[in-house]
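Data first, discussion second: the structure below is written as C-alpha cells.
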Amino acid sequence: MERTTCCVVGGGPAGMMLGLLLARAGVEVTVLEKHGDFLRDFRGDTVHPTTLQLLDDLGLGPRFAALPQSRITQVQIPVGDGRNYGTVGEFSRLARLGVRHPYIAMVPQWDLLDLLADAGRAEPTLTVRMDTEVTGALHDGLRVVGVRYRTADGTEGELRADLTVACDGRHSVLRAASGLPMTEYEVPIDTWWFRLPRHAHETSEALTPRIGKGRFAVVIPREGYFQIAYLGRKGTDAELRARGLDAFRADVAELIPQFADRMDALESMDEVKHLDVRLNRLRRWNIDGLLCIGDAAHAMSPIGGVGINLAVQDAVATATLLAAPLARGSVSADDLAGVRRRRLLPTLVVQGLQRLMHRAVAAPALAGEGGPPTTILRLTTRFPALRIVPAYIVGVGVRPERAPGFARREPVPVSG
Ligand SMILES: Cc1cc2nc3c(=O)[nH]c(=O)nc-3n(C[C@H](O)[C@H](O)[C@H](O)COP(=O)(O)OP(=O)(O)OC[C@H]3O[C@@H](n4cnc5c(N)ncnc54)[C@H](O)[C@@H]3O)c2cc1C
C-alpha cells in the first residue's frame, strides 16, 4: 500500500508552494498533478510583491529574477474615448512602506511552477507525481484517509495519507465529494483568452483594462506576445462563436485600435479559449482528514489578478500552521480549522472587492452603460499620493504571509 504523511492534490500555485514548504519542514509530502507538465495558458501570470518577497525568503529570488518577465508598475484606466489612460495606482510608491519589490512581475505561470518544482527536487521528502489524476477520496468511516488516482496510462492506485489537502482548483473533485457547504456568488462575466504578436518596440508598464460598448479587455504583455483577456457577458460563448471570426476580429480591433494591424494573426475561433468565471467560497474548509485551500476553497474571479497570490498565501499559512502537527503525526480538527480562521479575512476582502468591481464596473460596461470609474481617477490625479491605496490593495493586500522559519534559505545564485 502506498503511503505518505501529506497528500497534496493539484500542482497549481497552492499545491506546489505547499509541497515545497512542508518538505522543507521535513514532512513526507506527495503532490499529485493530473497534467504531464505545467504548460497551460490562460491561468494568469501575475506575481505580486508579497509573493516576490516570499520567493526571496525561500532563497529563490535570484532564480526568479532570471526568468523572462515584464514588470507592471502602474494601474491605469481608460479615459475619454478610451484611447487615453489615467493612472490610478502606482506600485513604486509601495517602496516607501518597505516593500522590497514594488511592482507586479508578469511571468508565465508555468515558469513559476517549474521553478517551485525544481526547488522541490532538492527536498528528499517531496515527491511530485505528474500525469496522476485524483478520482476520489478514500474513507475510513467518515474520515478521509487518502485518495484514489489514475495515471495517464490508465493505471489505478490508492495513496493513503494522514492528511489530504485539496489544491485542485475551482473544479475540485475532492471538494465536490466532501459535501462541504459552499456559497456561490453571481458573476456577470466570462472570459475568452487569446494571443496576438507583440512587436519588439511595444513596452507596457501598466495593467490597462480597455472598456468599450459592451466589451472589456485586459492586455497582458508577455515575452514576444500579448495575452489578451476578453471579457463578455456570462453565457454568451455560443453567440460569440456563431458571429464568427471576422466579427470577433472587428470587435477586438475596435476595442484595442493598436491591434487592428495584427488581427489576421488570429486564424481561427479555436484559438479563442472560453473560461467559465466562478466566484464562490466554502463555508468550512475542512472535514476530518481533508483540508481545501486556494481556488478549491474559494474560486476567484480574474478581476484584480490576485487569485494566484491568494492561493500561495493560503499555502504559506497552511504550512506554517500544520508542519509541526504533521511532523508529530497528530493533526486535529482544530488545527485544520485554524487555516480558515487565518485566511478568511483576506479572502473576504478580495472577494468583496471583486464583487463590487463586477457590479460597479464590469456589469455596466458589458451592458454598454456607464464608462470607466472616473471618481477614483479624479481623486488620484488631484492627490497623487493616494495612488498608493489601489497599489497596496492589489499588491500587498490584507494579512500578507511571511515564509516560516523552517522554509527560509540563503539565496541560491543562478549558475551559468
Ligand atoms: C479567466 C481567469 C483568469 C485569471 N487570471 C488571473 C491572474 O491574472 N492573476 C491571478 O493572480 N489570478 C488569476 N486568476 C485566478 C487564478 O487562476 C486562481 O485563483 C489560481 O490559479 C488558484 O490557484 P490554485 O493552485 O488554488 O488552483 P489552480 O491554479 O486551478 O491549480 C489547480 C491544479 O490542480 C490540478 N488538478 C485539478 N484537478 C485535479 C485532479 N483531480 N487530480 C490532480 N490534479 C488536479 C490542475 O491541473 C491544476 O494544476 C484567474 C482566474 C480565471 C478564471
Loop-located trypsin sites (Lys or Arg not before Pro) in the range 330-402 whose Cβ has at most 16 other Cβ within 10 Å (DSSP) | R402
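Strictly greater than 19 Å: what percent of every Cα pair in the range 160-275 meets that? Before the final figure, lay out the partial values.
Working: 3694 of 6670 pairs.
Tail of the P(r) past 19 Å holds 55 percent of the pairs.
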Before rounding to the nearest 500, sum -39500 (n - 2.57) across all DSSP H runs of length at least 4 in the chain and divide by the residue total; then give [θ] at 222 nm in deg cm²/dmol.
-> -9500 deg cm²/dmol
Once both labels are modelled 7 Å past Cα along the beta-carbon direction, what's the R409-A367 spacing in nm?
-> 5.2 nm
Would you calculate the volume per residue, in Å³, of the smallest convex hull containing every Cα atom of the range 254-293?
-> 146 Å³
Using alpha-carbon pairs under 8 Å, 6+ residues apart, how would you state the relative contact order of the chain in percent?
-> 25 percent
Give, in nm to one decimal, the length gained when the segment between R3 and R160 is fully stretched (0.36 nm per residue of separation minus the Cα-Cα distance).
-> 56.1 nm
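Taking the convex hull of the Cα atoms, report for the range 239-376 its projected area averaged over all directions, in nm².
On the way: hull surface 47.9 nm².
Mean projected area of the Cα convex hull: 12.0 nm².
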Amide H of I189: which non-local residues (sequence gap of 5 or more, or other chain) have their own amide H closer than 5 Å, using H built in the peptide plane?
-> K234
Using all C-alpha to C-alpha distances in the chain, build P(r) with 20 Å bins and read off the rounded percent in each one.
-> 26, 57, 17, 0
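Which residues make up the longest stretch of the chain clear of GluC sites (Glu not before Pro) that lie in a DSSP loop with no more than 13 other Cβ atoms within 10 Å, not counting the sites? Each step should come with its number before you reach the end.
Working: sites that count: E186, E202, E223, E267, E369.
Looking at the chain, 1-185 is the longest stretch - no exposed GluC sites (Glu not before Pro) with at most 13 other Cβ atoms within 10 Å.
If neighbour count is taken as other Cβ atoms inside 10 Å, put V414, V144, V316 in order from fewest to most.
Numbers: V414 11, V144 23, V316 26.
Going from sparsest to densest Cβ surroundings: V414, V144, V316.
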Computed E for R71/A260 - FRET, C-beta separation, R0 22 angstrom, nearest 0.05 | 0.25
What is the order of K34, K273, K234, fewest Cβ neighbours within 10 Å to most?
-> K273, K234, K34
Helix by helix through the chain, keep the DSSP H runs that span 20 Å or more along the axis on Cα and average at least -1.0 on Kyte-Doolittle, and give those back in order.
-> 307-328, 333-357
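Read-outs throughout are calculated quantities, based only on the coordinates presented, and are distinct from any laboratory measurement. All values reported here derive from a predicted model rather than from experimental measurement. Cβ: placed from backbone, ideal geometry, glycine included. Neighbour counts: every protein chain shown.
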